[in-house]
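Report on the following structure.
The values are calculated or read from the model by the stated rules, or taken from the named source; none is laboratory data. In this text the structure is predicted, and so the values were computed from the model without any measurement. Positions of Cβ are generated from backbone atoms using ideal geometry, with glycine treated the same way; all protein chains shown enter the neighbour counts.
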Amino acid sequence: MTAFIARRAVAAVVILALVSFITFAIFFLVPRLAGASADDLASRYVGKTAGAEQVHERAVQLGFTDPVYVQYGDFVKGIFAGRDYDLGGPAPEHCPAPCLGFSFIDQNPVLPDLLDRLPVTLSLAAGAALIWLISGVGVGVLSALRRGTVFDRAAMAVALAGVSLPVFFTGLLALSVFSYTLNIFPPGSSYTPLLENPIQWAYDLILPWVTLAFLYAAGYARLTRAGMLETMNEDYIRTARAKGLPERTVVLKHALRSTLTPVLTIFGLDLGLLVGGAILTESTFSLPGLGSYTVQAISHNDLPKVLGVTLLAATFVVIANLVVDILYAVIDPRVRL
Amino acid sequence: MLAKTVKVEHTMRRRRTTIAVAGAAALTVSLTACGGGSSSGDGGASGGAAKFDAAVTGVVNSSDAKGGTLRYANEGEWDSTDPGDTYYGYSWNFARYYTRTLVTYKSAPGAEGATLVPDLATSLGKSSDGGKTWTYTLKDGLKFEDGSPITSGDIRYAVERQLDKTTFPHGPTYFNDFLADVPEGYSVYKDKKDLDSIETPDDKTIVFHLNQAFSGFDYFAALPSTVPVPKDKDTGSKYKSSVVSSGPYKFADYQSGKSFKLVRNDQWDAATDEVRPALPDNIDVTLNVNKDDIDQRLLSGDLDVSVTQLGIGAAAKAQVLADPEQKKNADSAPLNRTWFTSINSEVAPFDNIDCRKAVIYAADRTGYQTAFGGSIGGGDVATSLLPPTIPGQQKIDLYPVSSPTGDEAKAKEALTACGKPDGFETSYSYRVERPAEKAAAESMQQSLAKVGIKLTLKPYPQSDYFSLYAGKPSFAKKEGLGLMANGWGADWADGYGFLSQLVDSRVIRETGGASNLSVRDPEVDKLIDLAVNEQDTAKREQEWADIDKKVMEGAWVYPGVWAKVLLYRPKTLTNVFVSSSYDGYDYSALGVAKS
């Protein structure tokens, strides 16, 4: 088991290195291959009135005139040893290790920004995940047990709507009805840190949680329903019933446990992806998390920020994958072979 | 072009009930008198009945009541809150809360709001040496937020530091261009030497020496570039998060990319300030707020101002215009801005003036106007570049058409004259993120097709539109961009502020980045030099009007729309009026109605 985990951990590190290289190449190599000069890249990071000399000076400052492999080497070096950026001003700007990049627009290290916004995204993802897991699985189980009933049809219709309706629609609708018309929940961009006021934290996030959970719960309900229907027809369920076990025990202890295996696999990956930034939900509710940070970075062409978010998101996905792999190995020893 | 974005701030507070009382209209126009020394704190809202467009020409909800929190929100974020490093019109407007400049704009509705008045200085600039030297004297009793006195040396340092466009890339370059003998690449951080072209003979006097006569230097003195910066508090590019206030408010909290809060600066002396009434106690700003959310919150009263003043979105606009109760809280505000199409003479056959004229005649005026939002909140059909909000503008129409949807007969005549009677093919560029420009391009595509001019539409990212694509002459020529969507907002409301960067061929750079995409006329350049040096205001305004006409004679542009924007003023706001100085509501005048 230890060897298995070690192998997976090494693979995860390799994947992260590959992701960092590919992302870096997309931002800094591909434009060069397409004919953009170092000065062209730098022209995004000067004022609109900058002359050629100033643009070139900026290109040199940002390292765009170096070969791309040197730039990547500097980037990797910064992760382990930190970097200094001389962008004019009274003193060079220092980006301490682990330096995930330095924003050319804000002229700030990227990592502190990411860490500052991570709690918002974690709060959103964790709360929504809890809601969608409980509601999705619960509805899925009930639908399977009451197959063909009005409840089943209604639940699956709602599930279909949940999958089909984008967050920016349901979110704005929720805000319009519950915040601006009924005044029940706070308006967009409301966020209180958990440690500051847990009740207010939850109150602020209820609408985003429910909106995001609605999207995911639908899929989980359908997945659980299908799994339960399949499992309930298995021989061992019939055997359990024949042995006289109460239906509650048959469903919860035997059928549901089996059904949950694929659900939990997907749950791990979904959660990992979400921590990388629930872009639409955060943008719709104007939450200052990693998702909205990414949107801002893209709209400002602030490539180091995008690179930083990408790496962070990849890290969470890889970790989630690793955890799922390990859990699978625990459940099914054949995976370790 | 002053880019504009939106900023929103919000709190958890529920709707507040306005206490504005209708009537008392007589008080409205005299709002500015309540600046500075206005008093009591128990004053009440007193007038300015709300009706559609009321704030365009007068003050709505006039009041001298102090207190409360004014809530702003921005759909994006500032370029910088450092006064030496910002170029957004709304940012200059908002900066008057926490900064003061040598001179500034009068707090008054409409065109009067573009009038220059002294701020830190005792009077407007005194020129000598034929307009090449400008002297200002500071008022007594001016202090920074820490209580230290504001001296002419602080202003000198502020102007010098922002010349370093590597550290402060966003701000305008007027001082770089006009101050005498600025060394190449000058930086206060590297050169450690003051400029000879700015003198401070004593703590109250500052003298600017220019490299050429410039009659409008007071407009430079009104730029945030002249906001005093204490040298020992300057942290370069980090200063934006710790600006030392010289205005009625100071930063209390600054969270990069999220929000900031202003509170009263107790060192600001109202007796020295004739412009800012400083009504609210606090000003909260939230950044990066969803645009639709901003609109909904404005309509529900959960937000006071959308700071970028780009206007409410299409959905909210339809809702507001359909509801008389909401419509009376809206203003279709005229802007110092024109949306137009540059006609690129570098791309054949537009090197022939008659082919350029054919485009102007064939263009569907109404279609172009509709693309930008129609007459309410979109703008009026333009017949030249200079918008009517610019003093001295003269209405000219050198290309009258038989129908607002275009004049096919005249267009075909022009095509024949340019040797292309059957038309030709060319490309039309626009910014992909801007649906209005796309719609205008499609309108042009349809109307020009009627006379045989076939357009291929080419969208480009707006962030690089001027630096790498349409604004880069070699790229535009290579890609055959004969027509290019363009738009321009004046840095200030006069001919120089509007036209200098737009029609002077000398601003076009091979490296890209210029806003002038097409006007290449040496005669226009000469006229600009004459206007810049003209000391007499009336003559100067006439010369800018002549330049506007000259550009149209050359058919270098199709002038699409003199822009307007549909603004919404919640009932929570007091002292609301549109000023010509910053294209929208004057922020320094605003107050909040008490709940």
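A few points about this structure:
- Residue in the range B:272-283 that is in a loop (DSSP other than H, G, I, E, B), away from chain A (no Cβ under 11 Å), of a type in the set (Gly, Ala, Ser) and surrounded by fewer than 20 Cβ atoms within 10 Å (Cβ to Cβ) present: no
- Filtered residue count, the range B:172-189, keeping only those that are in contact (Cβ under 8 Å) with a residue 60 or more places away in the chain and under 18 Å from A:GLN61 (Cβ atoms): 0
- In the range B:107-134, the residues that are in a loop (DSSP other than H, G, I, E, B), in contact with a Lys or Arg (Cβ under 9 Å, 6 or more places away or on another chain) and surrounded by 18 or more Cβ atoms within 10 Å (Cβ to Cβ): B:SER107, B:ASP119, B:LEU120
- Residue within the range A:40-58 that is more than 24 Å from A:HIS94 (Cα to Cα), without any contact (Cβ under 8 Å) to a residue 12 or more places away in the chain and part of a helix (DSSP H, G or I) present: yes
- Meeting the requirement of 1 or more residues that are within 14 Å of chain B (Cβ to nearest Cβ), the helices (runs of 4 or more DSSP H) wholly within the range A:251-326 are A:279-284, A:290-299.
- Residue match in the range A:139-151 (condition: of a type outside the set (Asp, Glu), touching a Cys at 6+ places or on another chain (Cβ under 8 Å), assigned to a helix (DSSP H, G or I) and closer than 28 Å to A:PHE316 by Cβ): no
- Checking A:ASP66 against (1) within 14 Å of chain B (Cβ to nearest Cβ); (2) free of Cβ contacts under 8 Å to residues at least 24 places away in the same chain, the condition it does not meet: (1)
- Just one of the listed residues (B:GLY452, B:GLY480, B:GLY378) is at pLDDT below 95 and either small (Gly, Ala, Ser) or farther than 30 Å from B:ILE312 by Cα (or both), and it is B:GLY378.
- When A:THR23 is tested against (1) more than 14 Å from chain B (Cβ to nearest Cβ); (2) on the phi > 0 side of the Ramachandran plot; (3) of a type in the set (S, T, N, Q), just one condition goes unmet, and that condition is (2).
- Test: residue in the range A:3-19 that is closer than 30 Å to A:ILE326 by Cα and touching a Lys or Arg at 6+ places or on another chain (Cβ under 9 Å): yes
- Options B:THR137, B:THR99, B:THR104; residue that is assigned to a loop (DSSP other than H, G, I, E, B) and modelled with pLDDT of 95 or more: B:THR99
- Only residues that are in contact (Cβ under 8 Å) with a residue 12 or more places away in the chain and either surrounded by fewer than 16 Cβ atoms within 10 Å (Cβ to Cβ) or in a helix (DSSP H, G or I) (or both) were counted across the range B:397-412, and they come to 7.
- Some residue of the range B:292-306 being touching a strand residue (DSSP E or B) at 6+ places or on another chain (Cβ under 8 Å), more than 10 Å from every other protein chain (Cβ to nearest Cβ), part of a loop (DSSP other than H, G, I, E, B) and farther than 30 Å from B:SER427 by Cα: yes
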